[in-house]
Amino acid sequence: MIIGLLAAGLCVRVLWPVLQQLSLPIWALGLASYLVVWVPLLGAALFATMVRGRRSLRDDFGLRFRWIDLLVGLGVGLGLRFIAGLLELVTGGTLLLAPTAFDWTWFLLVVIAPVLVAPWVEELFFRGLALRALARSMRGIPSRSAGAALAVAVSAALFAAVHLLEQPVDAWPRVAAINLIVGAALGLVALRTGRLGGPIIAHIVFNATGLAPLLAAIA
């Protein structure tokens, strides 16, 4: 887990500036901005299950779904988007608009990557690998609820920290606050259900509804 986080941070801080200096097409550069974070996180999760686990994402990380996860994910995702919207309104934060034309590059970087891919990679690592590892390490705490709360809090903090890597410093308080809340809520759902189905769907809903201001601006 720690290696995956360090590798992601190293890739963003060292590899990403190098890639920005290359004459890459905009779609390749945009895709690279995601891959420098996704590859280390996904690699850490796969390494953990193949080397230290049972070689099953279902058994090791709870990657499974039930019908109830659709309802839970939809409700949690919409609730988190409402809270994030309030924070954006209070802090004056704005959504950074990406491509302003509906071409395949826009669809890849603004829809496919953050809405359909990121939730799977991030939930697999943060709520699958990290949260479960932290929860196991907290078993020595006398109070079971306190241990679970601490595991959720730490995993949410790690989730927020990764989302700060590519953000300007002046946006850190807003981005950290939103992602701490999102990370904590998704962590609670994962612990409560023992599955990643609810968190993944909630994450998809949260990211998808975040596109509303962008779509409205383009329209």
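Suppose we keep only residues that are part of a loop (DSSP other than H, G, I, E, B) and among the β-branched types (Val, Ile, Thr) within region 78-103. Which one would you say is modelled with the lowest pLDDT?
THR100
Give region 1-23 a look and list any residue that's in contact with a Leu (Cβ under 9 Å, 6 or more places away or on another chain) and surrounded by 10 or more Cβ atoms within 10 Å (Cβ to Cβ), or say none.
MET1, GLY4, LEU5, ALA7, ALA8, GLY9, CYS11, VAL12, ARG13, TRP16, LEU19, GLN20
Can you give me the ranges of the helices (runs of 4 or more DSSP H) entirely in region 130-219 with at least 2 residues that are of a type outside the set (Gly, Ala, Ser) and closer than 26 Å to VAL12 by Cα?
131-137, 144-164, 172-193, 197-209
Within region 120-128, is even one residue in contact (Cβ under 8 Å) with a residue 24 or more places away in the chain, in contact with a helix residue (DSSP H, G or I) (Cβ under 9 Å, 6 or more places away or on another chain) and more than 21 Å from ARG66 (Cβ to Cβ)?
Within region 120-128, one or more residues are in contact (Cβ under 8 Å) with a residue 24 or more places away in the chain, in contact with a helix residue (DSSP H, G or I) (Cβ under 9 Å, 6 or more places away or on another chain) and more than 21 Å from ARG66 (Cβ to Cβ).
Can you tell me which residue is farthest from ALA212 (Cα to Cα) among those in region 44-96 that are surrounded by 14 or more Cβ atoms within 10 Å (Cβ to Cβ) and of a type in the set (Asp, Glu)?
ASP60
Of the residues that sit in region 168-210 and are β-branched (Val, Ile, Thr) and touching a Lys or Arg at 6+ places or on another chain (Cβ under 9 Å), which one is farthest from PRO119 (Cα to Cα)?
Checked region 168-210; the qualifying residue farthest from PRO119 (Cα to Cα) is THR193.
Within the set of pairs 6+ apart or on separate chains, which have a first residue in region 21-40 that is without any contact (Cβ under 8 Å) to a residue 60 or more places away in the chain, a second that is of a type in the set (S, T, N, Q), and C-beta atoms under 9 Å apart?
Within 9 Å, the pairs are PRO25/THR105; LEU29/GLN20; ALA32/GLN20.
From the list LEU29, LEU57, pick out the single residue that is within 26 Å of ALA202 (Cα to Cα) and among the hydrophobic types (A, V, I, L, M, F, W, C).
LEU57
SER137: under 25 Å from PHE65 (Cα atoms), among the hydroxyl-bearing types (Ser, Thr, Tyr) and either at pLDDT below 95 or buried (at least 21 other Cβ atoms within 10 Å of the Cβ) (or both), yes or no?
no
The values are calculated or read from the model by the stated rules, or taken from the named source; none is laboratory data. Here the structure is a predicted model, which is why all the values come from computation and not from measurement. Virtual Cβ from ideal backbone geometry, glycine too; neighbours counted across all protein chains shown.
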